[in-house]
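Report on one structure; see the data block that follows.
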Amino acid sequence: MLDAKYLRDNLDEVKQLLQKKRYELDLEAFKFLDAKRKQSDIETQQLLSERKKASKQIGELVRNGTPVDEAKQTVNDTLKEIDARLDDLKNESRQVQHDFQELLMHIPNTPDDCVPEGADECANREVFTWGKPRNFDFEIKDHIDLGAVKHELDFDLASKLTGSRFTVMRGQMAAMHRALTQFMLNTHINEHGYQEIYVPYMVNSESLRGTGQLPKFEEDLFKLEGESNYYLIPTAEVPVTNILRDTIVDNNDKRGFDKLPLKFTCHSPCFRSEAGSYGRDVRGLIRQHQFEKVELVQMVHPDDSAQALEELTGHAEAILQKLELPYRKVILCGGDLSFSAKRTYDLEVWLPGQDAYREISSCSSFGDYQARRMKARFRNPETGKPELIHTLNGSGLAVGRTLVAVLENHQNADGSITVPEVLRPLMGGVEKINC
């Protein structure tokens, strides 16, 4: 969340910045709650001062001729009255503080100055393209038709087992899906310097608040019934980033969180309700309730944040290039930027079956927005004081969408798929799969 002091001192500037995200900051609500919070603190201090003075009045009353027992009773009555007022004030203060924190939790992050103006994805600005879409001399099939021949991508079977927006993979499709996952992990670990990490697929509400999914986006999540207060993860970003919740990175950390940057890669399933997206990408693997992703997460010194975003995005791009998949890189405009992000690059892969570029990775910098919610800090060696870290993450890549891109871009006239060279060692040397 945003720093309350910074917000208080720069209300008009923050309001203007957030308008780029198409968010209208309620200045009056902020001022009202902030004033109530201040007044509650002032009244509490005044009552505590009165209580301190009252507790010293017994001796004064006795010196002025009041019997000891009567003096004690008088002071005790006064203290009892003050304590009752303090209890009421504490309850009121607690509620005001809660309302103030909830208001802050609902205010999105401010965008970087370099973020383009615009209301939606149509205003996203292309940074560059890599590779050229292939010219096919035969009729192109999309991934759904390619996978349907041998039922190795079986959406009907998944619908019987669960419902819509799920899939069953088997045979060579399942093997390629697994190979893609392993290839991504190997590349990020061995070439890009990430540490692999395995995390729970369920998290508590505190973790989701830490990265910004709660309280605003609960309808997009799958919540488990019962008393557990658990949610299925929408992305590995949530548990991996929350590793540093309530943590200070310094030399004394025994778990190895002793210095920045920290770079993690994690393969996990992701579960999303896709609330509000009905009618969009209802066919195929593009928009599923359950899919897999290899996530990249970095926690860095604030001075290194901008460079880290370029680096992380480049790591995701390397996967596309090694798979020989044409793509383009775009910077998101304010209206398309996510709630918590300051700046985001989307990588959009070319899909011949749709004759369009489609998102396959979002790489974002959050500044200290998530860290402030999580109280994730590092100890500045120069001052010895804790300071907020900066967090970043991105898909490196979404495995299902990468499978779609490989199938469609590397298809042949006979319906077979040429296996990208980098995947062959992970698929037993197979050069083609037959759909």
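Between the Cα long axis of helix 68-105 and the first principal axis of the chain there is an angle of about 20°, rounded to the nearest 10. Under a Cβ-Cβ cut-off of 9 Å, what is the net charge of the residues other than Thr235 that fall near it, where Lys and Arg count +1 and Asp and Glu count -1? Once positives and negatives cancel, what remains is 0. Output the relative contact order of the chain, whole-number percent, from Cα pairs under 8 angstrom with separation of 6+ residues. 19 percent.
A 1.4 Å probe run over the protein chains yields, for the chain, 49 Å² of accessible area per residue, whole-number rounding. Using the average count of surrounding beta-carbon atoms within 10 Å as a protection proxy, the listed peptides 410-418, 170-178 rank, highest first, as 170-178, 410-418. Here the sum of -39500 (n - 2.57) over DSSP H runs of 4 or more residues, divided by the residues of the chain, equals -12500 deg cm²/dmol at 222 nm, to the nearest 500. Go through (1) 1.13; (2) 1.03; (3) 0.95 and flag the label whose value is the computed Rg/Rh (Cα atoms, Kirkwood Rh) for this structure. Among (1) 1.13; (2) 1.03; (3) 0.95, the one derived from this structure is (1).
Checked against a 31 Å cut-off, the cross-linked pairs Lys31/Lys56; Lys52/Lys375; Lys5/Lys80; Lys216/Lys254; Lys216/Lys375; Lys141/Lys223 give Cα-Cα distances beyond that limit for Lys31/Lys56; Lys52/Lys375; Lys5/Lys80; Lys216/Lys254; Lys141/Lys223. With all protein chains in place and a 1.4 Å probe, the accessible surface of the chain carries 46 percent carbon and sulfur. Projecting the Cα positions of Gln307, Val330, Leu403 onto the charge dipole of segment 289-435 (unit charges on Cβ atoms of Lys, Arg, Asp and Glu, taken about the Cα centre) puts Gln307 furthest along the positive direction.
Ordering of 301-311, 246-256 by packing is 301-311, 246-256, highest average first (other Cβ atoms within 10 Å, averaged per residue).
Roughly how many whole Å is it from the C-alpha centroid of segment 325-384 to that of segment 182-233? Each part's Cα centre sits 16 Å from the other's. For the chain, the longest principal axis of the Cα atoms and the long axis of helix 305-322 meet at an angle of about 20 degrees. Straight-line reach from Lys342: taking Cα to Cα under 12 Å and skipping same-chain neighbours fewer than 8 places apart, the aspartates and glutamates in range are Asp112, Asp113, Asp368.
Compared with the dominant Cα axis of the chain, that is its longest principal axis, helix 171-190 is turned about 60°. Report note on the peptides 319-326, 237-244: ranked by the mean count of other C-beta atoms within 10 Å, highest first, their order is 237-244, 319-326. Taking the centroid of alpha carbons for each part, segment 62-110 and segment 123-153 are 67 Å apart.
Assuming a ≥ b ≥ c are the square roots of the Cα gyration tensor eigenvalues, decide whether segment 115-214 counts as rounded (a/c under 1.5), prolate (otherwise, with a/b larger than b/c) or oblate. Note, shape of segment 115-214 comes out rounded.
The values are calculated or read from the model by the stated rules, or taken from the named source; none is laboratory data. Please read all numbers here as calculations on a predicted model, not as lab measurements. Every residue, glycine as well, gets a Cβ built from its backbone with ideal geometry; the counts of neighbours run over all protein chains shown. Protein only, heavy atoms only, side chains kept; ligands, DNA and RNA dropped before computing areas. Shrake-Rupley method; radii C 1.70, N 1.55, O 1.52, S 1.80 Å.
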